[in-house]
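The values are calculated or read from the model by the stated rules, or taken from the named source; none is laboratory data. Keep in mind that this is a model prediction, so the values were computed, not measured. With ideal geometry, Cβ positions are generated from the backbone for all residues, glycine too; neighbour counts draw on all protein chains shown. The accessibility values were calculated without ligands, DNA or RNA, using every heavy atom of the protein model including side chains. Shrake-Rupley method; radii C 1.70, N 1.55, O 1.52, S 1.80 Å.
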Amino acid sequence: MNIECCFNNCNEIIQNVEAYRVHVRNLHKLQNIDAYRCTFKNCNSILFEFKNLIKHLRKKHETKNVIQNQTTNLNIEIQEDNSLIFFEPKISIRNEGTQVTTEQSKQTTENSESESFELLQKQLDEAMFAFLLKLHAQSHLTKSFIIKLFTSIKENLFDKIFEMFSFPERQKKVVQNSFLKFNTTYKFEKELVRNGHFKGAQTETVNYVSGNIYKNGIAIIGEIKEKVSVMPLQQVFQRIFSLPNILQGVIQNMIMLKNQHEIKNFVNGTKWKEICKNYSKDDIVIPFDLYFDDFETGNTLGSNSGIHKIAAYYVSFPVFPSHLLSSTKYIFEALLYPSRLKSDHMEHCLEKLNLMFQEIEQNGVELDINGVTKKVYFVLARIIGDNLALNEILGFTKSFNSNKFCRLCDETKEKTQYKVISEINDLKSIGKYEKDAQLNDLKLTGIKERCVFNKLKNFHCATNLVSDIMHDLFEGIVKSDLSFYLKKIIDDNSIKEFTLENLNSLKQNFPYGQIEIGNLSKPIDDIHLKNSTLKMSASESRKFLSFLPLIIGHLVPPNNKYWKAILDLADLCDLAMNPSFNEAKLKELRSKIIKCNNNVLTLIEKPLKPKHHLMTHYVECIKQSGPLRTMMTFSYETKNKEVKAYANVTNQRINIANSLFYKAAHRLNNFIFEHQNGFPNETNHRKGQKFRYSKTNSKYFKYILSDLKKIIPNSDDTISLKFIIHKGTKYAKYYFIVDDQFQPTKLLHILDILYINLKYYFVVEKYEILKYDYHYRSYEAENKSVMLEEYLESESDDGKEQIQHEDFLVDTDLSVHDWSNYYKIEDQHLIQNVLNEMNFGMLANRFIANLVDWESLFLLSSQDLRAMLYDVPRGVLVEFEKQFNEWRDSNSKIDSDNLEWSSVSNSSTYHFKKGIIKQILHSTEEGKLFHKNHDFTKLMNDKSRSKLIQLVLQYFFKNKVVLKKEDIRLLAIDIEGEFPMEKSIFFHNEEYKTGPLYTKYHNMSRDMRAKNLLTSSNRKRKESSAVEELEPSFSQAEIQANDAVKICSANFDLQLLLQYWKLSSRVRLFTFKNNPENFTSLYRALERPDIKPLIQIDFDTLYPNHTAFQTEWEKRENDLLTLLRSKIKKNSLEFDDSLSSNQRAVHLIKALHHALYTFKDLKKIDGSIHRSSIPDSFKSFMCVVSCEANLEVELRAWREEMYQKSLKEQAFMISFGLSTDKLSDKFCIILEQIQITFEGENSFISALETLLMMYHVFHIQYPLLNSAVYEFLCKVFFDISNEKSKKLSNKTVNLINSL
């Protein structure tokens, strides 16, 4: 028999089955294919495992008689079972007159085996190389770890296998040779170069700085090179587009896009048409995009934050197949360098990249396509990024508060605040840009510097109409506007059920489905609504807005103006994400932009923000540069995570950009290796299981069985798959799909996916689309039938490949299909009798027509009855439902006596019957809302089930009812009766007598018993501070002012800052109270040198009736001096008249420390305190630093000595001088990044006053070594209560009374 090898590119003809098995084992062992086809005499049977193919060949095709050969003499013995036994030939074999000896045959066999092992060695080497290449492409694996892993596999796996099993030495040698070939990084990189792969990036030196160079641990001052890392794009593009079918696929995709009548891609825009005019018709021109952004490679909150920040530039091709564009594999690194170089050397950093762009734009890249040389020109089409990045790389102002912040038009900021739409005449042009650039006036023109890429022939920054809807809409407008609208609806007293608590409950418990549940955000806080900023990511805010009408639409009246504004915003987002545009859709988008901006002006009553203005250019951006979704930065932000992942696992920080490019080169090499056969398959799936009848498919199996037999008689050849991935989209069991994403006509629910004869079939439950409800922004659908549909591949209208379906051998009309096999005719009389007893015998024919038998009669729900009796008058239907439910309950298999429950507690006796769940829910407003929401959604998830359990148990605890395990079981049964879609096992496990309901009841009972043991009523201590009296409800003006001061930098006008600061004081003090550790990170103005008036404003708000510190000091200084002299026996308070007022005050505070603290007191606080108590306690209050000394060194030593046991940073004072007796008139207050300097007469008292105010304003605990002193000063000179300590010491109280 002659068997042709079934593997591609192998035309080997094998004589028998055993030889075919050996052939595949030796030559094709490492190759995997989805199915094996029998090639013997056009059999063409499909088998999914090779061993099954061998069995098939032996069973079906192997001959049972002696194999005839021309002149071959073999000793063959035929046994009784007709099986053949082949013996080794003992004589020479003749063929066509040529005599071959046994020795010659053995030599030939050895040569053949040698060639076979060489081929095996080559294939194993290729497999090892591919394995290592894939490992090196992983961002979270370092070079050293990969080599260790590779060596460990050999030593701990293969070597052990060789010891346990006997393998031929030659096979062992093949494996060992492959491991030895790649067991070091040097050998692997050598193989990379040999195969023409990329080893790393090119580096260019852009600057020299002087600094420390460490050699052998010794620092030497020298020149340090600052470099940028550039990927050789000519070679990269050449390697990518020289791969098989890549260039051909791109050209075909561009031709297909050009023939479209809608804007689906950049090549459908006007800018591409202008670019094509610069080339001939025969030239191959491919556009590419450039993306720019900064990302932090180190810890963004660490001490080295910003030091290793990287500026990254990526390139991508918008003409790749649309389903590949969202994958980070098709985004390639072009340039990386430290972000600090941008300020002075940005043009130099980009020069190398710009020269490469010019080269591939003007001279092109030569590609070898199947032996034919073709020249391809690559053109920079768009520069993409967020608003800040685009303004920076294009040379425009980076401040969006400037007069001309818009990079797309020349409108002033004042006009943009009230202009709801922009026209084409408002856009920048190259002529206007050149005139403005010559003026060299940033404030007047908004142009900071000329863009480097303006030197390109086909690109100019003035015509780069690009908008990023990720940052404009989903991280900007949606979060701010939506929060305002929701706040207004919540505050509306006419909508009582719509509260923030209900919104969060509905939002968290909504059944989002398997896919969208990953985009569920955290509950919304009230402070977020007040500040008009939702704490959500772009994807979370997008999905939240999309689902919001369905989540809360039943609580909001349709005529609410804020609800209409939310619907307008949702429509705008859907239109902006549209994958294709025609004139009608562009007009609709334009009208929605006008409407949403008008809503901001009329409802929010605020000027338009810069992001609102950028939205007015969307229509022109689409016309010129393609759909907005092709410009958004979702996938590029994901690429940033992938790139910087390597920085988190490597210790390299000297040239981090070059290290990141090393990993990028390996990702590129892996990309080239994976695309040796062109773009990946459009459809993929994992290994499934054989399709059999089971409980999981029993609901639909009988409907498709006859159609399944028509497709393939043998069900053994049918594979059931969990999911398939088609053109980047996952289709899995229980997913819903539509025939058209934007105008659906039918909804399909996937029940199973079958793989038959290399084709895919969906078993779907079909829903007919009835109508569209704009209030819910959702379609209403009705279940029709179960069917088997063939899966077909096609190009969808939106440019993104979808799945289409055609009805396959299925009767969709229920009246046509024969269902009689699934109905028991003998049940007709029983059903007729039951309905006659209810006096509803006229409905029997309807039950019989719908094939309702006796068993299904007990399973009918109210929804089923109403669907079946749709034309029965509502009053009659309600009466029939009542009688039907009563009859079913009385004839149920469950004993009716068990459904009457009673529970007795120590405090009360409580009786309840079946139906108690509904009674419990309707006893509270929260329960009513839960029941109403469930009637709307018809579904529950784990969170909503937990909520139901909590509502039920709270009812029993409120009435002091003790439940037993039997009661828990009956409650679970009643839940199933009230909510038909639920099962009692979700709440109670009958077998183990436990479950979520019992567990929750047990835990709540334990907590309640614990609470009953606490008889003391602890009252909250009344705080004297005004912070405790502040209510967390602030006016809109206060919140806006607080938002303004958060971003005030050191250059902000002081007078204007003081106005905002005073207006927002209450909000800020509330923030300090709840977040005392984050005050400097929240308010940048605190790092100004002149913040004493700001501290004074907050302190006055906190204690409006306090006395003036300095005035009281002048009044009481002499009295305090007299008092301290009487308390201290030493002569330490005998002052020289030559002392200045500052030195006199310092000595007085030292004496106060001595009077309030004894050595024993200090010893209890800090065991390391020395006998000389005055210097040690006072030193924790003030550090003396010489004017010439290094302040940082002194501070570091002082902190290590005094605060090595402290858990928090404390405010402290710096005095400049030689000692406390020889001080200058210069003092400094330091707290984290805050540093305030005081100079001149009485500067110490002024610094002391500020120091005490800071402790109260920032809500910081007094330090232990100074708390008594601070309490005394606050009480005497500020006349305020001392809340910073638990209780005033007796010594402090006596000293205050004495004064």
Of the residues in the stretch 1246-1261, how many are open to solvent by 10 Å² or more (accessible area, probe 1.4 Å) and either of a type outside the set (Asp, Glu) or under 14 Å from Leu1156 (Cβ atoms) (or both)? 4
Quick check on the stretch 327-343. Is at least one of its residues open to solvent by less than 10 Å² (accessible area, probe 1.4 Å), more than 19 Å from Pro232 (Cα to Cα) and part of a helix (DSSP H, G or I)? yes
Any residue at all in the stretch 195-215 that's within 29 Å of Asn669 (Cα to Cα), basic (Lys, Arg) and free of Cβ contacts under 8 Å to residues at least 60 places away in the same chain? no
Counted residues, the stretch 415-431 - those being open to solvent by 90 Å² or more (accessible area, probe 1.4 Å) and at pLDDT 90 or above: 2
Matching entry among Asp1221, Asp1225 (being modelled with pLDDT of 70 or more and over 29 Å from Thr1101 (Cα atoms)): Asp1225
With respect to Ala565, determine if the residue is under 30 Å from Glu423 (Cα atoms), open to solvent by 20 Å² or more (accessible area, probe 1.4 Å) and either part of a helix (DSSP H, G or I) or modelled with pLDDT of 90 or more (or both). no
Residues of the stretch 853-906 classified as acidic (Asp, Glu), assigned to a helix (DSSP H, G or I) and at pLDDT 70 or above, total: 4
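Per-residue answers, yes or no, for (1) surrounded by 19 or more Cβ atoms within 10 Å (Cβ to Cβ); (2) modelled with pLDDT under 70; (3) over 27 Å from Leu555 (Cα atoms):
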{"site": "Asp942", "(1), (2), (3)": "no, no, no"}
{"site": "Leu971", "(1), (2), (3)": "yes, no, yes"}
{"site": "Ile975", "(1), (2), (3)": "yes, no, no"}
{"site": "Phe979", "(1), (2), (3)": "yes, no, no"}
{"site": "His988", "(1), (2), (3)": "yes, yes, yes"}
{"site": "Pro996", "(1), (2), (3)": "no, no, yes"}
Residues that are modelled with pLDDT under 90: list the helices (runs of 4 or more DSSP H) wholly contained in the stretch 456-547 that include at least 3 such residues. 500-509, 526-530
Considering residues that are without any contact (Cβ under 8 Å) to a residue 60 or more places away in the chain and open to solvent by less than 50 Å² (accessible area, probe 1.4 Å), the number found within the stretch 397-412 is 6
Can you tell which of Lys663, Lys644 is open to solvent by less than 10 Å² (accessible area, probe 1.4 Å), modelled with pLDDT under 90 and either over 30 Å from Phe332 (Cβ atoms) or not aromatic (Phe, Trp, Tyr) (or both)? Lys663
Only residues that are among the hydrophobic types (A, V, I, L, M, F, W, C), part of a helix (DSSP H, G or I) and more than 14 Å from Asn509 (Cβ to Cβ): list them for the stretch 927-966, please. Val952, Leu953, Phe956, Phe957
Look through the stretch 575-597, keep the residues that are open to solvent by 60 Å² or more (accessible area, probe 1.4 Å) and in contact (Cβ under 8 Å) with a residue 24 or more places away in the chain, and return whichever of them is nearest to Asp386 (Cα to Cα). Arg590
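Let's see how each residue does on (1) open to solvent by 70 Å² or more (accessible area, probe 1.4 Å); (2) touching a residue at least 12 places away in the same chain (Cβ under 8 Å); (3) touching a Pro at 6+ places or on another chain (Cβ under 9 Å); (4) not in a loop (DSSP other than H, G, I, E, B):
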{"site": "Asp282", "(1), (2), (3), (4)": "yes, no, no, no"}
{"site": "Asp289", "(1), (2), (3), (4)": "no, yes, yes, yes"}
{"site": "Ile310", "(1), (2), (3), (4)": "no, yes, yes, yes"}
{"site": "Leu355", "(1), (2), (3), (4)": "yes, no, no, yes"}
{"site": "Glu366", "(1), (2), (3), (4)": "yes, yes, no, yes"}
Of all residues in the stretch 371-396, count the ones that are touching a residue at least 24 places away in the same chain (Cβ under 8 Å) and either of a type in the set (A, V, I, L, M) or in a loop (DSSP other than H, G, I, E, B) (or both). 13
